[in-house]
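Visitor: My questions all concern the structure below.
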Amino acid sequence: MATNIKLLLDTRRARKDGSYPLVMRVIHDRKSINISLGYSLQSKDWDAKNERLKRTSQVVENTTRFNNMLHKKRTKAYDTIAKLDDEKKLTHLTMSELKAQLIENKTTSKPTVFQFIEEHITQLKKARKAGNADVYGQVLKRLRIFNNGKDLKFEALNYAFLTRFENWHFSNGSSVGSLSVYMRTIRAAYNKAIKSKIVASSYYPFNDYKIKSQTPIRRSLTEIEFKSLRDIALEQGSPLAHARNMFMASFFMRGMNWMDMALLKFSNIHGNFERIHYVRQKTGKPFSIKVSPALKTILFLYLPDNPKSDDFIFPIVKREDLPERYPDIIRDRRKRLNKRLKEIAALCEITPFTIYTARHTYATTGKRKGVPTAVIQESMGHATEEITQTYLDSFENSVIDEYDEIIMSQ
């Protein structure tokens, strides 16, 4: 009884990024089953005729090794089927039973590094932690490229592996900063795997491997630069005017993160535009911000005739957008915004800056105006964003409101 095995993209199951699962389709007795190979590829990367990854693909570092790995998987499947046929077992198996034989009871084994990270990304997205999910997604992509698409167990993610990954990272001209982000994310995943009893703590590689770091250069506007940005004449309603509004709104909301700004709704505004209450996406901590006259002016620019409580305040995401699309949309809007801010910087003849500069400008302005470090700690040097927020959280709103008025009186 002839059995045929094909390698193909399951175009019935499109991923959100436009890729498709790579599967091994086993056709037996006019019936078929799909076995996932653990990869998702774009159509442009897959050679459907020859059932292999195109040599021009950039998905993995070495396409030849990747295709050899696929060939071995298909050969192993053929060998398993031949053995079952020799033992006169093949004709008695259902397709589900045949699939179980071919994947060797894979579901009972402990998850691999890639599988574990993929599941964690899924859980983060369900928890609406899009930023963290995006970081884990970037790490997973880099690990796959480095390891030629080959998955690995946590026991194999050792000191030698991390060192090779580091050397490969630098050989591509990448920075210490991005390596630090990747390694801290890998370390977090490893710690979660240990707590989940997937790998023993004795295998923990970060006792020996030390994550490299560098002091980040955080840009903040000087008082003169801030006034130049505030006062420059821009056509009302233009993309540049909108970009300035977003920067100023972030500043007047204590340097609010772009993700949090994007998800602000009119339901977050309390009283007669007196306060904004929101929960920060990154930390889950609640904040209450007094709406200053300058901020109120900006908010009114985006106020529709009949706003609904679930309408977003700023034109970043829309009600009709799917929540799972929020991270991509917000990231795209941020890139566009930063491009506009760069144009404004050129007009003002100042050093380029981004939307995130608003956060550091808020912090350094407070420091410059003598606001106690116990209220707001300068977010430069050794101070971290988390520490800054911890200090702010420890005071009553009325105390912070008073210092906000000092900071914003530029």
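The values are calculated or read from the model by the stated rules, or taken from the named source; none is laboratory data. Please read all numbers here as calculations on a predicted model, not as lab measurements. Positions of Cβ are generated from backbone atoms using ideal geometry, with glycine treated the same way; all protein chains shown enter the neighbour counts.
Matching residues to (1) surrounded by fewer than 16 Cβ atoms within 10 Å (Cβ to Cβ); (2) farther than 22 Å from A200 by Cβ; (3) in the same structural domain as T185 (by TED's automatic domain parsing):
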residue: R74; (1), (2), (3): no, yes, no
residue: L90; (1), (2), (3): no, yes, no
residue: M95; (1), (2), (3): yes, yes, no
residue: A100; (1), (2), (3): yes, yes, no
residue: L124; (1), (2), (3): no, yes, yes
residue: D134; (1), (2), (3): no, yes, yes
residue: V139; (1), (2), (3): no, yes, yes
residue: R142; (1), (2), (3): no, yes, yes
residue: G149; (1), (2), (3): no, yes, yes
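Visitor: Turning to a different aspect of this structure: Looking only at residues in the stretch 176-192 that are at pLDDT 95 or above and aliphatic (A, V, I, L, M), which one is surrounded by the fewest Cβ atoms within 10 Å (Cβ to Cβ)?
Guide: A188
Results for (1) touching a Leu at 6+ places or on another chain (Cβ under 8 Å); (2) aromatic (F, W, Y); (3) modelled with pLDDT of 95 or more, shown as yes or no for each residue.
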site	(1), (2), (3)
N245	yes, no, yes
M261	no, no, yes
L264	no, no, yes
E274	no, no, no
Y278	yes, yes, no
S292	no, no, no
K318	no, no, no
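Visitor: Related question: Quick test of your reading of the structure: S228 fulfils all but one of (1) under 30 Å from K141 (Cβ atoms); (2) assigned by TED's automatic domain parsing to the domain that holds D332; (3) among the hydroxyl-bearing types (S, T, Y). Name the failing condition by number.
Guide: The failed condition is (1).
Visitor: Looking only at the stretch 153-175, decide whether some residue is modelled with pLDDT under 90 and aliphatic (A, V, I, L, M).
Guide: No, because not a single residue in the stretch 153-175 is modelled with pLDDT under 90 and aliphatic (A, V, I, L, M).
Visitor: When the residues of the stretch 1-29 are narrowed to those that are over 25 Å from P327 (Cα atoms) and of a type in the set (V, I, T), which ends up surrounded by the most Cβ atoms within 10 Å (Cβ to Cβ)?
Guide: V26
Visitor: Further question on the same structure: Condition first: polar (S, T, N, Q), touching a residue at least 24 places away in the same chain (Cβ under 8 Å), part of a helix (DSSP H, G or I) and within 13 Å of V135 (Cα to Cα). Can you find one or more residues in the stretch 173-182 that meet it?
Guide: Within the stretch 173-182 (the criterion being polar (S, T, N, Q), touching a residue at least 24 places away in the same chain (Cβ under 8 Å), part of a helix (DSSP H, G or I) and within 13 Å of V135 (Cα to Cα)), the answer is yes, since at least one residue qualifies.
Visitor: Another question, if that's okay. Please work out which residue is farthest from the chain's Cα centre (by Cα), limiting yourself to the stretch 274-314 and to residues that are more than 15 Å from A262 (Cα to Cα) and among the aromatic types (F, W, Y).
Guide: Residue satisfying both the conditions and the ranking: F300.
Visitor: Hey, another quick one. Can you find a residue that is surrounded by fewer than 18 Cβ atoms within 10 Å (Cβ to Cβ), at pLDDT 85 or above and not in a strand (DSSP E or B) anywhere in the stretch 30-43?
Guide: yes
Visitor: Test T56 against the stated conditions and say whether it is assigned to a loop (DSSP other than H, G, I, E, B), loosely packed, with under 12 Cβ neighbours inside 10 Å and among the hydroxyl-bearing types (S, T, Y). Talk me through it step by step, then tell me what you get.
Guide: Values: assigned to a loop (DSSP other than H, G, I, E, B): yes; loosely packed, with under 12 Cβ neighbours inside 10 Å: yes; among the hydroxyl-bearing types (S, T, Y): yes.
So T56 passes the test.
Visitor: Let me ask something else about it. May I ask you to list the residues in the stretch 315-348 that are of a type in the set (A, V, I, L, M, F, W, C) and either more than 14 Å from the chain's Cα centre (by Cα) or not assigned by TED's automatic domain parsing to the domain that holds P304 (or both)? Even if it seems obvious, please write down each step before you answer.
Guide: First, the residues of the stretch 315-348 that are of a type in the set (A, V, I, L, M, F, W, C): 316-317, 322, 329-330, 337, 341, 344-348.
Scanning the stretch 315-348 gives I316, V317, L322, L337, L341, I344, A345, A346, L347, C348.
Visitor: Let me ask you something else. Are there any pairs with C-beta distances below 8 angstrom linking a residue in the stretch 203-223 that is in the same structural domain as Y190 (by TED's automatic domain parsing) and of a type in the set (G, A, S) to a residue that is surrounded by fewer than 16 Cβ atoms within 10 Å (Cβ to Cβ) and at pLDDT below 80, with the two at least 6 apart or on different chains, and if so which?
Guide: none
Visitor: Pick from R254, R336, R331: which is over 17 Å from L229 (Cβ atoms), basic (K, R) and outside any helix (DSSP H, G or I)?
Guide: On the way: R336 fails: outside any helix (DSSP H, G or I); R331 fails: outside any helix (DSSP H, G or I).
Residue meeting the stated conditions: R254.
Visitor: Considering only residues that are over 14 Å from N4 (Cα atoms) and touching a helix residue (DSSP H, G or I) at 6+ places or on another chain (Cβ under 8 Å), which ones fall in the stretch 59-89?
Guide: V59, V60, E61, L84 - these are the residues of the stretch 59-89 that are over 14 Å from N4 (Cα atoms) and touching a helix residue (DSSP H, G or I) at 6+ places or on another chain (Cβ under 8 Å).
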